[in-house]
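Taking it in order: structure first as structure tokens, then the write-up.
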């Protein structure tokens, strides 16, 4: 792809670094921005810069937040003794969209995947185990994607908390094996949360 401007080429190359964005799509986006009023582009630039420099992670659940505690953890109407364990913020958003869950979350920041060089030490597991140790949790809901990596992560956490008195459940298999939560429709995901089953049962199936 030949460019008449090095500035344009640099912008396209940077835009193409985004997931799912190829060079042609990146070029269309950059040319679209060029057609917009300068103020509009500056608003986008400022929003991205502020997000990158000022965003926080909730000290309780590791969800993305503007403050030390996210809106979910600081909401007195949410049940802090019910913890839904998810991979990342996209899963939090997917479950919240169902309006079927009123507990807290714990965002792991990934899932165990030796092929990708991700081990248990790279995830937010210790803070989750600490919550269980201090008897602040009545039930853990495993809501990771039903993939080999998701199941491996679920089992690893289950073994870590097994010595403690906490109910462990997993979302019902309304979600097809191999599917990611963020792509599930809201009705199916909502039913999977409501009809969750004991984790031990899922190990036998």
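The values are calculated or read from the model by the stated rules, or taken from the named source; none is laboratory data. This structure is a prediction, so every number in the text was calculated from the model and none was measured. So basically every Cβ, Gly included, is an ideal-geometry build from the backbone, and we count neighbours across all protein chains shown.
The table below gives the values:
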quantity: Failed item in (1) part of a helix (DSSP H, G or I); (2) farther than 23 Å from residue 172 by Cβ, with residue 92 passing the rest; calculated: (2)
quantity: Residue in the stretch 59-78 that is in contact (Cβ under 8 Å) with a residue 12 or more places away in the chain, loosely packed, with under 12 Cβ neighbours inside 10 Å and out of contact with any strand residue (DSSP E or B) (no Cβ under 7 Å at 6 or more places or on another chain) present; calculated: yes
quantity: Candidate set from the stretch 83-108 (those that are more than 13 Å from the chain's Cα centre (by Cα) and buried (at least 18 other Cβ atoms within 10 Å of the Cβ)); member that is modelled with the lowest pLDDT; calculated: 98
quantity: Residue count, the stretch 182-205 (criterion: in a helix (DSSP H, G or I) and at pLDDT below 75); calculated: 15
quantity: Counted residues, the stretch 145-181 - those being within 23 Å of residue 127 (Cβ to Cβ), surrounded by fewer than 16 Cβ atoms within 10 Å (Cβ to Cβ) and at pLDDT below 90; calculated: 1
quantity: Qualifying residues in the stretch 113-133 (those that are in a loop (DSSP other than H, G, I, E, B) and modelled with pLDDT of 95 or more) - the one nearest to residue 58 (Cα to Cα); calculated: 124
quantity: Qualifying residue in the stretch 43-63 (condition: more than 28 Å from the chain's Cα centre (by Cα) and over 30 Å from residue 125 (Cα atoms)); calculated: no
quantity: Subset of the stretch 119-141 (residues that are more than 14 Å from residue 83 (Cβ to Cβ) and without any contact (Cβ under 8 Å) to a residue 24 or more places away in the chain); calculated: 119, 121, 122, 126
quantity: Enumeration of residues in the stretch 1-46 that are part of a helix (DSSP H, G or I) and touching a helix residue (DSSP H, G or I) at 6+ places or on another chain (Cβ under 7 Å); calculated: 8, 11, 12, 15, 23, 26, 27, 29, 30, 33, 41
